[in-house]
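These notes are about the structure you will find just below.
The values are calculated or read from the model by the stated rules, or taken from the named source; none is laboratory data. What you are looking at is a predicted structure, and each value in this text was computed from that prediction instead of being measured. Neighbour counts run over all protein chains shown; Cβ positions are idealised from the backbone, glycine included. In case anyone asks, the SASA skips ligands and DNA or RNA and just uses the protein heavy atoms, side chains included. Shrake-Rupley method; radii C 1.70, N 1.55, O 1.52, S 1.80 Å.
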Amino acid sequence: MYSLSIILPFIDEINSLKKTINIINKQNKENKEFLIIISSKKTPTKIVKKLKKLIKKNNIKIFYQKDPFVGGAIKKGIRVSKKSHIVIMASDLETNPKNLKKMINVSKKNPKRIICASRWHKDGKINNYGFTKKIFNFLFQIFSKLVLKSNLSDFTFAYRIYPSNALKKTKFYENKHSFALEMIIKPIKKGYKTLNVPATWSPRTEGISQNSIFNYFDYFKILFKNII
């Protein structure tokens, strides 16, 4: 039976998280669980209390991450997930929850494939990303596509639906934002096929981004590390 574990790494963006969950519940009736992964160091106690109130209304489970950074949070979610498919997305609305319905529909028709939201799909869109970052991101996607000989058009956007085994049976090492790249390269190398679905990216309006511009150098390290 098709079911979803929706992993949501979280720091303190409580209003964005509530909106994300409400939209998903309203648009998608599938059997699902929300796995909120929080940081014992960065998530304030008052925010944790607000989170616990959400549990009464939705199928929400809260876990503390063991490894640091966003990659560490996602790896914790993968370990505790119990459904047939795993959704990777953000709790700050940078991964538009309205795009998930189409991704789920495609996933149901192609349950053994990894469904990838793409900002660079012809019908995708990136809002307020910054000209330099946008050019760099675009060139990196093209380079990755050529090097990996893949049909994927967005290798660094961590908004995807995976068959659970694609993640649970794969060993990952990265913890920072470059984990998004490692998380797709390794399943591709193991033979998993991908499908692109257009998505819209907009910057967060709540909380502080944990992504530094210096993290972008890690993407090249991960790319070359996994193609040798």
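Determine the share of the range 1-77's accessible area contributed by carbon and sulfur atoms, expressed in whole percent, with a 1.4 angstrom probe.
53 percent
Using a simple spin-label model with points 7 Å from Cα along the Cα→Cβ vector, what separation in nm is obtained for Asn127 and Phe63?
Reported label-point gap for Asn127 and Phe63 is 3.2 nm.
Using the Karplus equation 6.51 cos²θ - 1.76 cosθ + 1.60 (θ = phi - 60°), what ³J(HN,Hα) coupling, rounded to whole Hz, does each residue of the range 104-110 give in order, writing x for Gly and Pro?
Listing the rounded values in order: 5, 4, 5, 5, 4, 7, 9 Hz.
Check which residues have an amide H placed less than 5 Å from Ile114's amide H, if you skip close sequence neighbours.
Those qualifying (amide H under 5 Å, at least 5 residues apart or on another chain) are Lys193, Thr194, Leu195.
Counting residues in the range 1-125 as N, plug N into 2.2 N^0.38 Å and put the Cα Rg over that result.
Cα Rg divided by the expected 2.2 N^0.38 Å: 1.04.
Carbon and sulfur atoms: what percent of the 1.4 Å accessible area of the range 82-145 do they account for?
Taking all protein chains in place, the range 82-145 shows 56 percent carbon and sulfur surface.
With labels modelled as points extended 7 Å from the Cα through the Cβ direction, what inter-label distance (nm, one decimal) is found for Thr170 paired with Thr45?
The two pseudo-label positions are separated by 4.0 nm.
Percent relative contact order of the range 30-163, based on C-alpha pairs within less than 8 angstrom and at least six residues apart?
RCO, the range 30-163: 26 percent.
Throw me the Rg/Rh for the range 105-144, computed over C-alpha atoms with Kirkwood Rh, two decimals.
1.10
Looking at the range 48-100, which trypsin sites (Lys or Arg not before Pro) are in a loop (DSSP not H, G, I, E or B) and have at most 13 other Cβ atoms within 10 Å?
Taking the range 48-100 and a limit of 13 other Cβ atoms within 10 Å, the loop trypsin sites (Lys or Arg not before Pro) found are Lys56, Lys57, Lys66, Lys82.
Compute, for Thr43, the solvent-accessible surface of its heavy atoms (probe 1.4 Å) with the complete set of protein chains present, and express it in square angstrom to the nearest 10.
Taking all protein chains as shown, Thr43 has close to 10 Å².
Which whole-Hz ³J(HN,Hα) couplings does the range 41-57 yield from phi under the Karplus relation 6.51 cos²θ - 1.76 cosθ + 1.60, θ = phi - 60°, glycine and proline marked x?
With the stated coefficients, the range 41-57 comes to 8, 9, 8, x, 4, 5, 6, 4, 4, 5, 4, 5, 5, 5, 4, 5, 9 Hz.
What's the center-to-center distance, using Cα atoms, between the range 14-42 and the range 74-117 in Å?
12 Å
Along the range 120-129, what does the Karplus equation 6.51 cos²θ - 1.76 cosθ + 1.60 (θ = phi - 60°) give for ³J(HN,Hα), rounded to whole Hz, x for Gly and Pro?
Ordered by residue, 3J(HN,Hα) equals 9, 5, 4, 9, x, 7, 10, 9, 6, 9 Hz.
For the chain, with every protein chain kept in place, what is the accessible area per residue (1.4 Å probe, Å²)?
Here the residues of the chain average 51 Å² of exposed surface.
Give, rounded to the nearest 20 debye, the magnitude of the charge dipole that the range 23-144 has about its Cα centre when Lys and Arg contribute +1 at Cβ and Asp and Glu contribute -1 at Cβ.
Result for the range 23-144 is approximately 560 debye, rounded to the nearest 20.
So in the chain, what percent of DSSP beta bridges are antiparallel if you round to the nearest 5?
Around 20 percent antiparallel, to the nearest 5.
Kindly provide the trypsin sites (Lys or Arg not before Pro) of the range 114-202 that DSSP labels as loop, not H, G, I, E or B, and whose Cβ sees at most 16 other Cβ atoms within 10 Å.
Lys122, Lys149, Lys169, Lys171, Lys190, Lys193
Take the cross-link list Lys19/Lys56; Lys32/Lys75; Lys18/Lys134; Lys122/Lys189 and give me the ones stretching past 23 Å between alpha-carbons.
Lys18/Lys134; Lys122/Lys189
Evaluate the relative contact order of the chain (contact order divided by residue number), counting alpha-carbon pairs under 8 angstrom at least 6 apart; express in whole percent.
Relative contact order, the chain: 26 percent.
What number, in percent, do you get for the relative contact order of the range 35-76 if the mean sequence gap of Cα pairs under 8 Å and at least 6 apart is divided by its residue count?
The value is 50 percent.
When N is the residue count of the chain, what does its C-alpha Rg come to as a fraction of 2.2 N^0.38 Å?
Ratio of Cα Rg to 2.2 N^0.38 Å: 0.95.
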